[in-house]
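These notes are about the structure you will find just below.
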Amino acid sequence: MQAPTQGRRFLNGCLVVLGVVLAVVALLAGGFWWSLERRKKQAVLDEERYSAVCDTISAITEHPAVSFSGFTKAELGKLAFYLVRKGKVLKDTVVHYPQRDGLYEFNIPLAFASFKKTDTIVVATTGRDKRFYQISGFHHYAYLHYGMLGYVGSHDCRFAEGAYTVNGRQYRDFLYKQDGLSALPTH
């Protein structure tokens, strides 16, 4: 009769140890999940807070790219860029840029090393069918840093590439020929 009692004690001891191990694993998993959820919520709050900080950057030092569509090589062989602030042209430059590979992507010229986020860049094509594009609405955003286990609590401010307006509309992916203005509006 003694053998079944010892076996039962051993089984009960194993079940207790297994229960303790499962409880510890459940606590660790729950703590890990709670930490991830807390980081997600903190990321949402930090994105809002840091975006406000990044929005205070008034100078644009990046040279955003713009892509054209619907043009011939001759129409894009020479582009005129104008830096406009409060209705006045501050600086202009002409860029000769032959496109041998058929790609029609241009960066804002280096001649505009820095400009205010409230400025407007006007791009004018050349040739008979001259088209104008007013590019504005430049800004920075908060880029939150993430690691293998989620948000790590830091950020940096990055230029919002492609998040600007062209001729009063949100920039899509190209400056389409048909969307260009045939003349600049006068204020």
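The values are calculated or read from the model by the stated rules, or taken from the named source; none is laboratory data. This one's a predicted model, so the numbers in the text were calculated from it and none came from an experiment. Glycine also receives a Cβ, built like all others from the backbone with ideal geometry; neighbour counts cover every protein chain displayed. To get the accessible areas, we keep the full protein, side chains included, count just its heavy atoms, and leave off ligands, DNA and RNA. Shrake-Rupley method; radii C 1.70, N 1.55, O 1.52, S 1.80 Å.
Results, tabulated for the structure shown:
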read-out: ³J(HN,Hα) computed for each position of segment 129-140 - Karplus, 6.51 cos²θ - 1.76 cosθ + 1.60, integer Hz, glycine/proline x; value: 9, 5, 10, 10, 9, 9, 10, 8, x, 5, 6, 10
read-out: Whole-number percent relative contact order across the chain, with pairs defined as alpha carbons under 8 Å at least 6 apart; value: 23 percent
read-out: Cβ-placed point charges (K, R +1; D, E -1), dipole of segment 12-120 about Cα centre in debye, nearest 20; value: 300 debye
read-out: In segment 49-146, trypsin sites (Lys or Arg not before Pro) in a DSSP loop with at most 10 other beta-carbon atoms within 10 Å; value: Lys86, Arg100, Arg128
read-out: Using θ = phi - 60° and Karplus 6.51 cos²θ - 1.76 cosθ + 1.60, couplings along segment 45-61 (whole Hz; Gly, Pro as x); value: 5, 5, 4, 5, 5, 6, 5, 5, 5, 5, 5, 7, 5, 9, 9, 9, 10
read-out: Carbon/sulfur fraction of accessible area - the chain, other protein chains in place, 1.4 Å, %; value: 60 percent
read-out: Estimated FRET transfer efficiency when R0 is 30 angstrom, pair Thr72-Arg172 (beta carbons, to 0.05); value: 0.90
read-out: Point-charge dipole on Cβ atoms (K/R +1, D/E -1) for segment 109-187, about Cα centre, debye to 20; value: 260 debye
read-out: Anisotropy class of the chain from Cα gyration tensor, a/c 1.5 cut; value: prolate
read-out: Other-chain or far-sequence residues with amide H under 5 Å of His139's (modelled H); value: Ala160
read-out: Dipole magnitude of the chain about its Cα centre (Cβ charges: Lys, Arg +1; Asp, Glu -1), debye to nearest 20; value: 140 debye
read-out: Solvent-accessible area per residue, Å², over segment 38-151 with all protein chains present [probe radius 1.4 Å]; value: 59 Å²
read-out: Zone residues, segment 139-159, relative to Ser35, backbone N less than 18 Å from point 7 Å out along Cα-to-Cβ; value: 145-154
read-out: Free-standing Cys residues across the chain, given no other cysteine C-beta under 4.7 angstrom; value: Cys14
